[in-house]
1. Here are the criteria: (1) charged (D, E, K, R); (2) closer than 19 Å to Y384 by Cα; (3) open to solvent by less than 30 Å² (accessible area, probe 1.4 Å). Tell me which single one E115 does not satisfy.
2. Would you kindly identify the helices (runs of 4 or more DSSP H) lying entirely within segment 58-176 that contain at least 2 residues that are among the small types (G, A, S), under 24 Å from E241 (Cβ atoms) and within 26 Å of the chain's Cα centre (by Cα)?
3. Identify all residues within segment 9-37 that are under 24 Å from K428 (Cβ atoms) and in contact (Cβ under 8 Å) with a residue 60 or more places away in the chain; write none if there are none.
4. Would you be able to tell me the number of residues in segment 264-288 that are open to solvent by 60 Å² or more (accessible area, probe 1.4 Å), within 18 Å of P93 (Cβ to Cβ) and of a type outside the set (D, E, K, R)?
5. Take K208 and tell me if it is at pLDDT 95 or above, open to solvent by 10 Å² or more (accessible area, probe 1.4 Å), in a strand (DSSP E or B) and in contact with a helix residue (DSSP H, G or I) (Cβ under 7 Å, 6 or more places away or on another chain).
6. Of the residues that sit in segment 17-41 and are over 22 Å from the mean Cα position of the chain (by Cα) and assigned to a loop (DSSP other than H, G, I, E, B), which one is farthest from A396 (Cα to Cα)?
7. Go through the residues of segment 389-400 one by one and say whether even a single one is under 27 Å from A42 (Cβ atoms) and open to solvent by 30 Å² or more (accessible area, probe 1.4 Å).
8. Would a scan of segment 237-244 turn up a residue that is surrounded by fewer than 20 Cβ atoms within 10 Å (Cβ to Cβ), in a loop (DSSP other than H, G, I, E, B) and in contact (Cβ under 8 Å) with a residue 60 or more places away in the chain?
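The values are calculated or read from the model by the stated rules, or taken from the named source; none is laboratory data. Everything quoted here is computed from the prediction, not taken from an experiment. Neighbour counts run over all protein chains shown; Cβ positions are idealised from the backbone, glycine included. Surface areas here come from the heavy atoms of the whole protein model, side chains and all, with no ligands, DNA or RNA. Shrake-Rupley method; radii C 1.70, N 1.55, O 1.52, S 1.80 Å.
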Amino acid sequence: MKSYQEMSKEELLKEKEALEAEYQKIQTMGLNLDMSRGKPSAEQLTLSEDLLDVVNSRNTLKSEDGIDVRNYGTLEGIPEARRLIGEMLDCDPDQVIIYGNSSLNIMYDQVARGELSGYMGNTPWCRLDKVKFLCPVPGYDRHFAITQEFGIEMINIPMTQNGPDMDLVEQYVNTDPAVKGIWCVPKYSNPQGVVYSDETVRRFANLKPAAPDFRIFWDNAYVVHHLYEDEQAEILNIMKECELAGNPDMVFQFCSTSKVTFPGSGIAALAASPANIADIKKRLSIQTIGHDKINQLRHVAYFKDMEGIRSHMKKHADIMRPKFEMLEELFREELASRGIGSWVSPKGGYFISLEVLPGCAKAIVDKCKQAGVVLTGAGAPFPYGRDPEDRVLRIAPTYPSMEELKQAAAVFVTIVRLASAEKLILEK
C-alpha cells in the first residue's frame, strides 16, 4: 500500500474527498462512544463481585493478630494486608503502609508533605524559591496535575524504549538542588506501555542528587497487569537497588488494587525505607486515626496471597487482550501501512499511545468529538497539557464493549486518515 507521504497532491485530494464523505456519513449516526479514560469494563468489574461476600456479620472481624477491624487504630494497616502488598511489590511488609482506596491520593499527600513539612527534617519546599519535578513524556496526566496544583515547575524528559532518557535525568538530578522529584510508571508505562530496563532501574538507584530530599515517585500501578501469560514483564526491584547503591531513602513506591478489584473501593499502599516510613507516620498520625481495615481484611480474605492475585489477573487479561489486539491489527492495516501512525506494542497496562503526524492530534480529537467519539484530550500526556509536536494520542480500549470499541475504532482511523491527508495536502 502506498504511504500518504508518497502520494501526489492529486492523489491526496482524491483520498480526502472520499474520507470527507465517509466522515459526513458518520456524523449522522448519532454515536456516543468513549475511549477517553482507562477504566475497567463492566465485565471486568463482575470478576470481583464475590469480594463483597467474603466479609460479613458472620465473620470474626479481627485481623490475624487480634485487631478489631471495626474500630479505630492500626495506622499502618493490618499485618496480613501489608504482607499481601509486600508480596506484590517484593518488599518487606514492615516497609508498607496501607492507606485508603486511591494511590493517587497517596501521591498527592506525599507531594503536599514535601511542600508543607519537608522530608526527614529537610526544608519544606514552600520556603524555597524554586521547586522542580522531572516528568517523563508522554506520561500520566494526573501526575502532572498534582505538581501543577502546587506550582512546581515541570521539566519534560523524553521516554525511550527502555524508560526515561537517563542521561538527562542524571544531568538534572545530580546538578540542580531545585529538582526534588521525578514521576515514574516503570512497568507498562502510562500511556506507552514501556517497561524500564535493568540498566534504567540501576541508573535511577545510583543517582547522586544535588538535593538531599530528592525522591523518585515510583508509581507501580500496573505491577500485575499483564496482557500475556508468556510475555510478562519483570523489572528490577527499585527499593533493593537503592539499598545496594546506598540510597535507601530515595524512593517512594505506590500501588493499589483499583483496577484489580473495584476502582474507588480497593486498597492502596505506599512502600518505602524504614526511615521514610517513620517520617510519614509522624504526619499521618495527625491526618488520620486509621484507614478502612474492614476493606483490607476483605481483600486478604478474597485473594489470600499473590497466587490468588495472579489467578484473578489472568481473567482480566482474557477480557482485555482481544480489545488490544483488535485495535493494533486495525492500526497496522489502516494507519501504519499508510505511514501515518506508530506506537509501542504494549504487553500490559491500560493504554495504547498512538503517534500521528505532527500537528494532527488536536484536529483528530476535535473531529472525533464532532462524530460522537470521546478521546483523552490532545496534550494530556504532557505537563501543562502542551504536546510540543501535537502528535500523541492516548487510546483507552478497556471500558467499551468489544462491539462499541470496534465501532469507535473504525470512526477513529477514518478521522486519523482524514486529518493526515489534510495536513499533507497543505504541505504539498
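1. All conditions pass for E115, except number (2).
2. 103-116
3. K9, L12, L13, E15, K16, L19, E20, E22, Y23
4. Qualifying residue count for the region: 1.
5. no
6. T28
7. To start, the set of residues in segment 389-400 that are under 27 Å from A42 (Cβ atoms) comprises 393-400.
Subset that is open to solvent by 30 Å² or more (accessible area, probe 1.4 Å): 399.
Yes - at least one qualifying residue is present in segment 389-400.
8. There is at least one residue in segment 237-244 that is surrounded by fewer than 20 Cβ atoms within 10 Å (Cβ to Cβ), in a loop (DSSP other than H, G, I, E, B) and in contact (Cβ under 8 Å) with a residue 60 or more places away in the chain.
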